[in-house]
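To start, the structure under review is shown below, and the notes come after it.
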There are 4 protein chains.
Amino acid sequence: MATGDVVLGENQYGKAECRLVRVDREGSTGSTSGKHRITDLTVTSQLRGDFAACHTDGDNSQVVATDTQKNTVYAFARDGIGAPEELLLRLAEHFTTGFPWVDGGRWEAQQHSWDRIEVGGEPHDHSFVRTGRETRTTLVQRDGDEVFVLAGLRDLTVLKSTGSEFAGFPRDRYTTLPETDDRILATDVTAWWRYAELPPGSDGSNGFDATYAAVRDLLLETFADLHSLALQQTIFAMGKAVLEAFPGIAEVRLSCPNNHHFLVDLAPFGLDNPGEVFLAADRPYGLIQATVQREGEAREPRAWATVAGFA
Amino acid sequence: MATGDVVLGENQYGKAECRLVRVDREGSTGSTSGKHRITDLTVTSQLRGDFAACHTDGDNSQVVATDTQKNTVYAFARDGIGAPEELLLRLAEHFTTGFPWVDGGRWEAQQHSWDRIEVGGEPHDHSFVRTGRETRTTLVQRDGDEVFVLAGLRDLTVLKSTGSEFAGFPRDRYTTLPETDDRILATDVTAWWRYAELPPGSDGSNGFDATYAAVRDLLLETFADLHSLALQQTIFAMGKAVLEAFPGIAEVRLSCPNNHHFLVDLAPFGLDNPGEVFLAADRPYGLIQATVQREGEAREPRAWATVAGFA
Amino acid sequence: MATGDVVLGENQYGKAECRLVRVDREGSTGSTSGKHRITDLTVTSQLRGDFAACHTDGDNSQVVATDTQKNTVYAFARDGIGAPEELLLRLAEHFTTGFPWVDGGRWEAQQHSWDRIEVGGEPHDHSFVRTGRETRTTLVQRDGDEVFVLAGLRDLTVLKSTGSEFAGFPRDRYTTLPETDDRILATDVTAWWRYAELPPGSDGSNGFDATYAAVRDLLLETFADLHSLALQQTIFAMGKAVLEAFPGIAEVRLSCPNNHHFLVDLAPFGLDNPGEVFLAADRPYGLIQATVQREGEAREPRAWATVAGFA
Amino acid sequence: MATGDVVLGENQYGKAECRLVRVDREGSTGSTSGKHRITDLTVTSQLRGDFAACHTDGDNSQVVATDTQKNTVYAFARDGIGAPEELLLRLAEHFTTGFPWVDGGRWEAQQHSWDRIEVGGEPHDHSFVRTGRETRTTLVQRDGDEVFVLAGLRDLTVLKSTGSEFAGFPRDRYTTLPETDDRILATDVTAWWRYAELPPGSDGSNGFDATYAAVRDLLLETFADLHSLALQQTIFAMGKAVLEAFPGIAEVRLSCPNNHHFLVDLAPFGLDNPGEVFLAADRPYGLIQATVQREGEAREPRAWATVAGFA
């Protein structure tokens, strides 16, 4: 115990949460007419490599300033963004090839979605309203020449008002929960999937965007369709549906709170409550987390190294 | 100064943020098949009246417990909710007529909206996804027999990527802002409107619900359509559109941050930036607040007494 | 109904949440040695006056840009800050006298407190740690030549583990709460007080700072000392203590959630629970709000016009 | 690609954020007099083991309900808590030995600190005020008979108003940041340390509590004392100081945003700004993360498996 010298272990640094909005204008450059498209991202860039001298001696000669990383994010957006995964891949390439001592890093983005405002039944050219609660997420990690791409979403809040049971669980001294054959099931889905193979057409961004949209729909449909005996069963089915539909996706990780809705006991007031009035609780909440993967396929711990929270 | 005895002034108390979800089941009671409808509210109930003895002496004989107020919210939901305004009006009636010393109060609700999940192109019977960022808000205040009803929304986030200018403002020693004839205009709309007359059909809830939906759309359309010379002009136009369309609405109050999007200076990197790459700033932000009302019509300060923040 | 023309009512606009940190350096200007003092504020400036043309026609010729207001906040900090009330009073004077059409406004600040880090038992000269959960708040409103000054705090979280009862309340059909003669009482105090007379020495900032510190301590001591029969009784006593100690304070408003701590029923596990194990609940919570004032003294609604939330 | 069957990978489930407050009463049980002590925790319990049948078939026969886990947390608190690490170790032992198919899990707690309110210069027996911004954190993970204990803190917000430089960094096409020999350095420290050996006296809780307090002070002192050439240098020094002082601690991980404070350019207003007036920015922010460890000592990836965010 306490034998070795104190040394630097794994480390990374960069600029977090660069808020970037890009406007793509149809027609001539700078045009205020025509149809606009907006891309709204929060981008984080972090570098890994040989930064020991900075930590031990305050020698910054190899420290690409976090301010420089931020500038690079905005400058790269000038050439267009495409899918968020594509911007991150370009940033990863730039930093790992541009500075000999940078041999990897992590680049992350959240995409915030906007719909067009409808005016007179027609989508407006340049006016938008933020929609949806979920946020699209992307994480690119690079270790030398190896590149790992995760995509996902968070805060996709769903609820089914029936079609969910919970029974047959073991009972011990501390068990008071009654069994139920009909309850509300509600959760906020956080999902990450790993691309073993980049989606077809991803050079033109359609691959990542189209896959994202399809996975999101599949998660929703599976949640809706499955008669659920446990939230575990539901999230495994969600992950399985994604893997079966997308051969290029190697694994899916899901983290889902069980947002409890308790049937209110109205009997003291002389009222019944046939599954109608519920109290939506805040805390504590169940928390169910699982990885769904392909048998025999290699894990890639480096892809998941900095992903928060679960197994 | 400091002459009079210390006395109790205005006061109110109750239970805040009761999280209430009601499931309406088509067909037989307790049915798990058929189409479900969910209503998701956060309800606050607060009473006013003669509560001086509690404050000065700890005499609780007239203090309707906040726990009782909560129970009443859930019990009343048993009979159906309708529009959130209708539930609040029933609660107001109950408390002010049921306890002689309660002569008023405030009842507030936020409604959280859900869409049906689509499966195979069809809306699912009992599976839902939270949509939209905005929250519908309702406030009923009662003073004796007088009832005031406000409705509104908050966190309706909108952006236009062109069609907004800001110029012609005065310049003093501290002015550095350049004029612009093309900028991004972005805000999170908070709006409240006061019903001088309850909307037609409001006994069956369609009035409040239909009016809410129509006002929301009108706010969005006006934001989109107006070529904006100032955010002040935009919000006045939004309020005006509502008053012109709904004669039963007496006044509209709007509170809108100016969520600044700064054009990034890419010149140091040898790049131009023809209105394409923006930094979305957090703080500080502009904050524009206005009341739009009808000339000659009486104000109703009691309707607005506890509404946060602006003029 | 719906007769008059649509007109602009009350309105205000400005820059919100300017994050300002000032370093006061002892000794020579720009000195890095010697003892430093930091003042950490979040400042909002909003103007009122004749801004109708901007709202109705987009005419900005009288619109002091929110960016200019922000610049002014930082420029004024160059001359020193003093108590936050003093900075706000200077800003109010500047804007209402500098622009003929500006006849009032509201200026608000939160102050975030820092302690010196102790090194070897000695407070460090220029290293600080954020302390406390509460935030000091200040609001100056001006209407022509009349100036209203509020001071306060929020998020002062307190708890007493005994010395609190709740009993004797009325019971109706919806009442299930048992009476208790010993409970946990916990709240997050929000308080505002109005200075009818500025505190002595306030020209040198000691008045406001000293009064703030004394009021905060008095609120805490009263909370601790009073054997509470209801949270209403506690907050009235807190306000009363302040008014009795400070003749220059005309009224106090308090808004206090009742942060429920429920005794956990351990009987199903064969355990008793003699007031030891509690579940701290999130929502719903009680919400108790009261004004404590001096009999016969005039109310000043303009001082409270934009203060959120309560009576 | 896409060859293997879809199978369950790593998974865990449980109850998150059980809000638990325990009152320790001096003297006779249930006593309302005498000195009280409160322990305020947010506890999460998650189990790992053979839960495949639940995921694939909805078979709950081995699923210890999350409600049961919650009940167990509260029941165990009945016997006293001690240090939060000790409660978690007891929970880990209970679940992994009580259910044959549970072979591991993670148990996490945050501790919220309270000070006694002072009345007349004396600490009150049973009245408390929440203090400090930082939260003490604890994580116990168990894999069969192997137990890993992490302790830490988050949101320890510190600032030094001088004694910080940043210069000598490489300049490329995207670098615009000027060098500085005097800046504000501010951060919110998140730290985790791993106990290779439980602290002496930890059976009576003094070990964990005393170590926590000493590490916290050491982090603060090191931050204050070091003349910083880079935030990286500061956090390495902080970790190093901990390892040198505590031979039972094997490694320290730190994650620290660089909360930028920009000197405001007052020149346009005809004012200088000799290091006095700063704008505290929100986003983006630097993010510096590092592990400080002992040379030659084994890593324990299972200890860190679910710790959010960094290398």
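General observations
- Tallying residues that are of a type outside the set (Phe, Trp, Tyr), touching a residue at least 12 places away in the same chain (Cβ under 8 Å) and buried (at least 23 other Cβ atoms within 10 Å of the Cβ) within segment C:272-285 yields 1.
- Looking across segment C:64-83 at every residue that is among the small types (Gly, Ala, Ser) and in a helix (DSSP H, G or I), the one that is surrounded by the most Cβ atoms within 10 Å (Cβ to Cβ) is identified as C:ALA77.
- Criterion (away from chain B (no Cβ under 14 Å) and either crowded, with 21+ Cβ neighbours inside 10 Å or touching a Ser or Thr at 6+ places or on another chain (Cβ under 6 Å) (or both)) met by exactly one of C:GLU86, C:GLU108: C:GLU86
- Test: C:VAL242 is at the interface with another protein chain (Cβ under 7 Å from one of its Cβ atoms) and in contact with a Leu (Cβ under 8 Å, 6 or more places away or on another chain): no
- Odd one out for C:PHE208 among (1) at the interface with chain B (Cβ under 8 Å from one of its Cβ atoms); (2) crowded, with 22+ Cβ neighbours inside 10 Å: (1)
- Taking every residue in segment B:182-199 that is within 14 Å of chain A (Cβ to nearest Cβ) and pairing it with any residue that is of a type in the set (Gly, Ala, Ser) and outside any strand (DSSP E or B), at least 6 positions away or on another chain, the pairs with Cβ-Cβ distances below 7 Å are B:ASP182/B:GLY275; B:ILE184/B:SER161.
- Of the residues making up segment D:161-181, those that are within 12 Å of chain A (Cβ to nearest Cβ) and not charged (D, E, K, R) are D:SER164, D:PHE166, D:ALA167, D:GLY168, D:PHE169, D:PRO170, D:TYR174, D:THR175, D:THR176, D:LEU177, D:PRO178, D:THR180.
- Cross-chain or 6+ apart pairs with Cβ under 7 Å, segment D:92-105 first and assigned by TED's automatic domain parsing to the domain that holds D:SER61, then at pLDDT 95 or above and surrounded by fewer than 18 Cβ atoms within 10 Å (Cβ to Cβ): D:THR96/D:ASP103; D:TRP101/D:ASP50; D:ASP103/D:GLY144; D:GLY104/D:ASP143; D:GLY104/D:GLY144
- The residues of segment B:40-63 that are under 18 Å from C:SER164 (Cα atoms) and out of contact with any strand residue (DSSP E or B) (no Cβ under 6 Å at 6 or more places or on another chain), listed by number, are B:ALA53, B:CYS54, B:THR56, B:ASP57, B:GLY58, B:ASP59, B:ASN60, B:SER61, B:VAL63.
- Qualifying position, being of a type in the set (Phe, Trp, Tyr) and surrounded by 23 or more Cβ atoms within 10 Å (Cβ to Cβ), among D:PHE269, D:PHE262, D:PHE236: D:PHE236
- From the list B:GLY275, B:GLY248, the lone residue that is farther than 24 Å from C:THR66 by Cα and facing another protein chain (nearest Cβ under 7 Å) is B:GLY248.
- Enumeration of residues in segment A:40-58 that are within 13 Å of A:TRP101 (Cα to Cα), of a type in the set (D, E, K, R) and within 9 Å of chain D (Cβ to nearest Cβ): A:ARG48
- Against the criterion of being aliphatic (A, V, I, L, M) and surrounded by fewer than 19 Cβ atoms within 10 Å (Cβ to Cβ), C:ALA245 qualifies.
- The condition of being within 20 Å of B:ASP272 (Cα to Cα), free of Cβ contacts under 8 Å to residues at least 40 places away in the same chain and basic (Lys, Arg) holds for A:ARG78.
- For B:SER61: the one exception among (1) facing another protein chain (nearest Cβ under 7 Å); (2) in contact with a His (Cβ under 8 Å, 6 or more places away or on another chain); (3) surrounded by fewer than 22 Cβ atoms within 10 Å (Cβ to Cβ): (2)
Here is a yes/no grid of residues against (1) closer than 18 Å to B:ARG136 by Cα; (2) out of contact with any helix residue (DSSP H, G or I) (no Cβ under 6 Å at 6 or more places or on another chain):
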{"residue": "B:GLY168", "(1), (2)": "no, yes"}
{"residue": "B:TYR174", "(1), (2)": "no, no"}
{"residue": "B:LEU185", "(1), (2)": "no, yes"}
{"residue": "B:THR190", "(1), (2)": "yes, yes"}
{"residue": "B:PRO200", "(1), (2)": "no, no"}
{"residue": "B:ASP209", "(1), (2)": "yes, yes"}
{"residue": "B:ASP217", "(1), (2)": "yes, yes"}
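- Residue check for A:ALA290: assigned by TED's automatic domain parsing to the domain that holds A:GLY152, in contact with a helix residue (DSSP H, G or I) (Cβ under 8 Å, 6 or more places away or on another chain) and in contact (Cβ under 8 Å) with a residue 24 or more places away in the chain: yes
- Output for segment C:255-302, where each listed residue is under 20 Å from the mean Cα position of the chain (by Cα) and either hydroxyl-bearing (Ser, Thr, Tyr) or at pLDDT below 95 (or both): C:SER255, C:THR291, C:ARG299, C:GLU300, C:PRO301, C:ARG302
For (1) over 14 Å from the mean Cα position of the chain (by Cα); (2) over 21 Å from D:VAL307 (Cα atoms), each residue gets a yes or a no:
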| residue | (1), (2) |
| --- | --- |
| D:ARG116 | yes, yes |
| D:GLU122 | yes, yes |
| D:ARG142 | yes, no |
| D:VAL158 | yes, yes |
| D:GLU165 | yes, yes |
| D:PRO170 | yes, yes |
| D:TYR174 | yes, yes |
| D:ALA191 | no, no |
| D:ALA196 | yes, no |
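- The set of residues in segment C:118-154 being modelled with pLDDT under 95 and of a type in the set (S, T, N, Q) consists of C:THR131 alone.
- Residue match in segment B:250-265 (condition: in contact with a His (Cβ under 8 Å, 6 or more places away or on another chain) and within 24 Å of C:LYS15 (Cα to Cα)): no
- Residues being part of a strand (DSSP E or B), surrounded by 14 or more Cβ atoms within 10 Å (Cβ to Cβ) and either within 14 Å of chain C (Cβ to nearest Cβ) or modelled with pLDDT of 95 or more (or both) - total across segment B:1-34: 18
- Within segment C:282-304, considering residues that are among the small types (Gly, Ala, Ser) and more than 7 Å from every other protein chain (Cβ to nearest Cβ), the one farthest from C:ARG194 (Cα to Cα): C:ALA298
The values are calculated or read from the model by the stated rules, or taken from the named source; none is laboratory data. Treat the numbers as computed from the prediction; the structure is a model and nothing was measured. Quick reminder, even Gly has a Cβ in these numbers, built from the backbone with ideal geometry, and neighbours come from all protein chains shown.
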